[in-house]
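Scroll down for the structure; my scribbles are underneath it.
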Amino acid sequence: MQTQSNLLKFSGKMVMVLSLFLMSLTACKKEKLEMTDRDYRSLAWNYLTAAQKATVNTNWELAPIAKPSVEDPKSVSVTFGTTEDAQLGPIIVYIWIKDNTVKGIGPRF
C-alpha cells in the first residue's frame, strides 16, 4: 500500500513538472516583430563599420529599401550611396525578414 502511495506522489510531481515545462515553452514563443522602414535602415546602418559609414554620402535615414521580390522573397535590402560608387558601387545591406537579422553586405566591385 505504501508503494502505491509513493508511486502516486511521484506521478503527481512528474505531471506538475511536465506541466510547468510545457507552459514555459509556450511562454517563450517568440513573436515576429513588424519592422518599419526606419527600423530596417537603422539595423543596416548600425551593421556598417565606421570606415564604411565615412564613405556614405547620402542621408542614411532616407536610404532606399527594396522589399521582398520574386528573386529574393526572404530578405529586404537597404542601399547606401557612397563616395566610392563609381569604383565599387553602393553598399547594399541584406536583412532576413524571418528574424530581422542582417544577412550580410552585397559584393562591391
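Please treat every number below as a calculation from the coordinates, not as lab data. Just so you know, these numbers come straight off a predicted model, no measurement behind them. All Cβ positions, glycine included, derive from the backbone under ideal geometry; neighbour counts span all protein chains shown.
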Ranked highest first by the average count of other Cβ atoms within 10 Å around their residues, in what order do 88-97, 52-61 fall?
-> 88-97, 52-61
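Give me the extension gain from residue 86 to residue 39: residue separation times 0.36 nm, minus the current Cα-Cα distance, reported in nm with one decimal.
14.1 nm
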Debye log10 I(q)/I(0) for region 37-105, one point scatterer per Cα, at q = 0.21, 0.27 Å⁻¹ | -0.83, -1.24
Of 78, 102, how do they rank once you tally other Cβ atoms within 10 Å and put the fewest first?
-> 102, 78
Within region 74-109, trypsin sites (Lys or Arg not before Pro) in DSSP loop having at most 15 other beta-carbon neighbours inside 10 Å = 74, 98, 108
In nanometres, what is the gap between the two model label sites at residue 51 and residue 102, each 7 Å from Cα along Cα-to-Cβ?
-> 1.5
